[in-house]
Amino acid sequence: MSYKNVVLTGIPRSGSSLICSLYNNYANSLALLEPINPFSIKTQNSIEAVEYVNDFFFQMRKEIHYSKRFVTHHKENKIISNMLSDTQKESEGLRQKVVQHGYVSLEKELQRDFSLLIKQNAFFTALLPDLVNFFDTYVVVRNPLSVLFSWNSVDLPVYRGHVPAGERFDEALKKKLEITVDRIDRQVIILEWFFRQFLQNIPQSNVLFYEDIVAGKFKTLEKLSYDKNSINAHANMKNKNSNKLYNKELAEVLRKKIFQSSGYYKHFYSDEAIEEVFEMIDA
């Protein structure tokens, strides 16, 4: 059996880190959280950037085999399912990153043909038209209203209406954001960009839904790994689409913005699904 290289992207705060955590429960499989620094890549050409990704996979496999270490975002040398704090006690009332980037020692036995998954959100999404021609590519989506809520609670560039890695490799996105003043309007543009990129480049069979994963439908992950054994480690996961940190006033603003958008989300989520989340806020 030949080795398997998998790329995973998703809308920020849609559960892509959670999927990496789940993936690492499979035998002979390893998932890395955003190990690549897109700004260390000298080129902005998409094909050349994809070649860089391919070389990175090769280098990581070499390091893992010979040095028993790899690069990833981690917390205390562990790959975790959520890279941000659970509370809003920090600056500006926003949740902060709790991970750092660097080398981690390999703690599991891997055969030479192990499945290696690398997760990068905006960077891989910008490269999707070319990336899909070279790698098994999967994307993670989540209810649009819940996504925007989460973006407004975290100290990340997306809170300010920017995705630097996406803008670096998609000039049209960068220009559109530059001429948009309102912060939430920029967020909606980014949300539309993700859904459009997924719709235009990814088959439905390669779309993973946050709501399915937290409901324990782990069979949707089997296609990512050679290992078909069931996962039980996260059987008690909770759907956070109606997080207690959300409020109705912001919900009304975000819902209106979503319904006024171009509607790419409708290929993944119905208006009724958005209304369902809206009705759960402060219920």
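The table that follows gives values for the structure above.
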| quantity | calculated |
| --- | --- |
| Residue list for region 161-193, filter: assigned to a helix (DSSP H, G or I), among the hydrophobic types (A, V, I, L, M, F, W, C), open to solvent by 20 Å² or more (accessible area, probe 1.4 Å) and over 18 Å from GLY10 (Cβ atoms) | ALA172, ILE184 |
| Within region 43-67, tally of residues that are within 13 Å of LEU131 (Cα to Cα) and not in a helix (DSSP H, G or I) | 1 |
| Residue within region 81-91 that is open to solvent by 30 Å² or more (accessible area, probe 1.4 Å), within 30 Å of LEU148 (Cβ to Cβ), among the acidic types (Asp, Glu) and at pLDDT 90 or above present | no |
| Residue in region 145-157 that is under 20 Å from GLY263 (Cα atoms) and part of a loop (DSSP other than H, G, I, E, B) present | no |
| Only one of VAL158, VAL154 that is in contact (Cβ under 8 Å) with a residue 40 or more places away in the chain and within 13 Å of the chain's Cα centre (by Cα) | VAL158 |
| Residue within region 104-119 that is part of a helix (DSSP H, G or I), closer than 30 Å to SER270 by Cβ and either modelled with pLDDT of 95 or more or among the basic types (Lys, Arg) (or both) present | no |
| Residue list for region 25-42, filter: polar (S, T, N, Q) and either within 18 Å of LEU128 (Cα to Cα) or open to solvent by less than 70 Å² (accessible area, probe 1.4 Å) (or both) | ASN28, SER29, ASN37, SER40 |
| Per-region count, region 261-283, residues modelled with pLDDT under 95 and in a loop (DSSP other than H, G, I, E, B) | 6 |
| Residue among LYS62, LYS97, LYS78 that is within 20 Å of LEU221 (Cβ to Cβ), surrounded by fewer than 21 Cβ atoms within 10 Å (Cβ to Cβ) and free of Cβ contacts under 8 Å to residues at least 60 places away in the same chain | LYS78 |
| Residue among ASP113, ASP136, ASP130 that is farther than 30 Å from ARG255 by Cβ, under 16 Å from the mean Cα position of the chain (by Cα) and surrounded by fewer than 19 Cβ atoms within 10 Å (Cβ to Cβ) | ASP136 |
| Qualifying residues in region 194-210 (those that are open to solvent by 30 Å² or more (accessible area, probe 1.4 Å) and among the hydrophobic types (A, V, I, L, M, F, W, C)) - the one farthest from LEU221 (Cα to Cα) | LEU199 |
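The values are calculated or read from the model by the stated rules, or taken from the named source; none is laboratory data. The structure displayed is predicted, hence computed values, not measured ones. Glycine gets a Cβ as well: all are built from the backbone with ideal geometry, and neighbour counts include every protein chain shown. These accessible areas exclude ligands, DNA and RNA; they are computed on the full protein's heavy atoms, side chains included. Shrake-Rupley method; radii C 1.70, N 1.55, O 1.52, S 1.80 Å.
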